[in-house]
Amino acid sequence: MNYSKKNVKDIDLKGKRVLLRCDFNVPLSKETGEITDDTRIVAALPTIRYLLDEGAALVACSHLGKPKGEYKASLSLAPVAVRLSELLGQEVIFAKDTIGEDAKSKASALKPGEIMLLENTRFDKGEEKCDPEFSKALAAFGEVFVSDAFGTVHRAHASTKGVADYLPAVSGFLIDKELEIMGKALEAPKRPFVCILGGAKVSDKIGVINNLLEKADTIIIGGGMAYTFLKAQGYEVGNSLLEADRVEYAAEMIKKAKEKGVRFLLPVDTAVHTTFENTEDFLTVPSSEIPEGYMGLDIGKESIKLFSEAVADAGTVIWNGPMGVFEFPAFAEGTKSVARAMASSGAITIIGGGDSAAAVTQLGFADKMTHISTGGGASLEFLEGLELPGVACLEDR
Ligand code: AMP
């Protein structure tokens, strides 16, 4: 996959009508409908400000939630328009529909330096089907398409890919940074290149492990998925998470790592308990000696030391997935320690979205990382080496 794509600085935008795909898929309060976290809106500001300063007339669009092709008042982007307007310090005109009369008339009256936001793209059935008619209607709002929603580039939808059939397409600053940093890490990483993978399931990350085995110097596996690998090494894992149908695959990966000279680190000790609950009353045992009736809920102190040492002298570190059941404070230590080790290493540090990003932010380490990816699913597919439709459709450099 080619990660070298044109961005907004590579084209002339003066007086142009620009269709901008943002990621305004923000969490809303179930009770009040208010935006509970505006991080994604704030993240979109640099691209929006740049386009407005360049004198573009900006038609922004995004999806929000999963309305399944139907209008749902609770998933309207209206509150986003209000918040965006506050943050920008200028009016954000809101269209009550996506490609309907209100959107069309407001777009035709839009002047350079002004911004409007269309209603939720997923209110239209054409969005997720990447319907050509819907794509064409969206594309009619711009002379250029700027894509800046990294969280949805792994989806071939009308507003992420379809519109690029009708418009010259470039990236905004968010996608540009994702491509620049993650692309470089995969193509020419500063070595040693250490990849840390955790989370619940091996099956979700098979493609990622397979791809990273071709590129990394060290692979570290923690979290629930580690037990399938420990089982593959012949250990009993008690009641820990286990994907019995992946044990063979795990053994193959360990073998492949050996053949390729990739260091493959598993937890050497494990915090275990008899029940799945937040309790300080746990035991720490060697990973080869998990007692019957116990389940592994976090990596132990020796593993933390081993993993932290591997991170300390790394050139590049990519991390995706918690080391334990970090939702329980008693079992969050492994996840916190990896975040800490990354924050204090001199390496290029990349957080692959989702739970790891949340952990890093909660701990106040966000500004100590080189890059926190804005897309969980998208960054996983990126790490798998898959072609991302919303990136492939952008113009090459
Ligand atoms: P994922 O969505 O695959 O990244 O998995 C994240 C989930 O994995 C979190 O909700 C964690 O609680 C869970 N998890 C991590 N370690 C374990 C473990 N040892 N046992 C059970 N669940 C775990």
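Taking the range 272-285 as the search range and keeping residues that are without any contact (Cβ under 8 Å) to a residue 24 or more places away in the chain and out of contact with any Phe, Trp or Tyr (no Cβ under 9 Å at 6 or more places or on another chain), which one is most open to solvent (accessible area, probe 1.4 Å)?
Only one residue tops the list, namely 281.
With the requirement that a residue be open to solvent by less than 10 Å² (accessible area, probe 1.4 Å), of a type in the set (A, V, I, L, M) and within 16 Å of the ligand (Cβ to nearest atom), what does the range 312-329 give you?
Answer for the range 312-329, where residues must be open to solvent by less than 10 Å² (accessible area, probe 1.4 Å), of a type in the set (A, V, I, L, M) and within 16 Å of the ligand (Cβ to nearest atom): 318, 323.
Find the strands (runs of 3 or more DSSP E) located wholly in the range 1-95 whose residues include 1 or more that are open to solvent by 60 Å² or more (accessible area, probe 1.4 Å), closer than 28 Å to residue 109 by Cβ and touching a residue at least 24 places away in the same chain (Cβ under 8 Å), and list them.
Working: elements: 17-21, 57-61, 92-94.
The strands (runs of 3 or more DSSP E) meeting that bar are 17-21.
Only one of these is open to solvent by less than 10 Å² (accessible area, probe 1.4 Å), more than 16 Å from the ligand (Cβ to nearest atom) and assigned to a loop (DSSP other than H, G, I, E, B): 158, 185. Name it. Steps first, answer last, please.
Numbers: 185 fails: assigned to a loop (DSSP other than H, G, I, E, B).
Going through 158, 185 in turn, just one is open to solvent by less than 10 Å² (accessible area, probe 1.4 Å), more than 16 Å from the ligand (Cβ to nearest atom) and assigned to a loop (DSSP other than H, G, I, E, B): 158.
Right, residue 341: open to solvent by 10 Å² or more (accessible area, probe 1.4 Å), within 12 Å of the ligand (Cβ to nearest atom) and of a type outside the set (D, E, K, R) or not? Spell out how you get there, then give the answer.
On the way: open to solvent by 10 Å² or more (accessible area, probe 1.4 Å): yes; within 12 Å of the ligand (Cβ to nearest atom): no; of a type outside the set (D, E, K, R): yes.
Judged against the criteria, residue 341 is not a match.
What is the one condition in (1) assigned to a loop (DSSP other than H, G, I, E, B); (2) open to solvent by 20 Å² or more (accessible area, probe 1.4 Å) that residue 133 does not satisfy?
(1)
Among the numbered conditions (1) assigned to a helix (DSSP H, G or I); (2) buried (at least 23 other Cβ atoms within 10 Å of the Cβ), tell me where residue 195 comes up short.
With (1) assigned to a helix (DSSP H, G or I); (2) buried (at least 23 other Cβ atoms within 10 Å of the Cβ) applied to residue 195, the lone miss is (1).
Looking at the range 1-30 only, could you name the residues that are more than 18 Å from residue 46 (Cα to Cα) and modelled with pLDDT under 95?
1, 2, 3, 4, 15, 27, 28, 29, 30 - these are the residues of the range 1-30 that are more than 18 Å from residue 46 (Cα to Cα) and modelled with pLDDT under 95.
Quick one: residue 181 ticks every box in (1) touching a strand residue (DSSP E or B) at 6+ places or on another chain (Cβ under 9 Å); (2) farther than 30 Å from residue 5 by Cβ; (3) of a type in the set (A, V, I, L, M) bar one, so which box is it?
Answer for residue 181: the failing condition is (2).
Taking the range 355-374 as the search range and keeping residues that are touching a residue at least 60 places away in the same chain (Cβ under 8 Å) and part of a helix (DSSP H, G or I), which one is nearest to the ligand (Cβ to nearest atom)?
Quick first cut of the range 355-374, residues touching a residue at least 60 places away in the same chain (Cβ under 8 Å) only: 355-356, 370-371, 373-374.
Cutting the leftovers down to part of a helix (DSSP H, G or I) gives us 355-356.
Numbers: 355: 5, 356: 8 Å.
Among them, the one singled out is 355.
For the range 101-123, how many residues meet the condition of being touching an Asp or Glu at 6+ places or on another chain (Cβ under 8 Å), part of a loop (DSSP other than H, G, I, E, B) and crowded, with 23+ Cβ neighbours inside 10 Å?
2
Quick check: is even one residue across the range 262-275 farther than 29 Å from residue 183 by Cα, in contact with a His (Cβ under 7 Å, 6 or more places away or on another chain) and of a type in the set (S, T, N, Q)? Full working, then the answer.
The first filter runs over the range 262-275 and keeps only residues farther than 29 Å from residue 183 by Cα, leaving 268-275.
Cutting the leftovers down to in contact with a His (Cβ under 7 Å, 6 or more places away or on another chain) gives us none.
There is no residue in the range 262-275 that is farther than 29 Å from residue 183 by Cα, in contact with a His (Cβ under 7 Å, 6 or more places away or on another chain) and of a type in the set (S, T, N, Q).
Do you know which residues across the range 286-299 are within 16 Å of residue 241 (Cα to Cα) and either open to solvent by 60 Å² or more (accessible area, probe 1.4 Å) or not aliphatic (A, V, I, L, M) (or both)?
Across the range 286-299, the qualifying residues are 287, 288, 289, 291, 292, 293, 294, 296, 298.
Tell me which residues, restricted to the range 300-311, are open to solvent by less than 10 Å² (accessible area, probe 1.4 Å) and farther than 23 Å from residue 212 by Cβ.
300
The values are calculated or read from the model by the stated rules, or taken from the named source; none is laboratory data. In this text, all values refer to a predicted model and were calculated from it rather than measured experimentally. Don't worry about glycine lacking a Cβ; one is built from the backbone with ideal geometry, like all the others, and counts go over all protein chains shown. Side chains included, ligands, DNA and RNA excluded: accessible areas come from the protein's heavy atoms. Shrake-Rupley method; radii C 1.70, N 1.55, O 1.52, S 1.80 Å.
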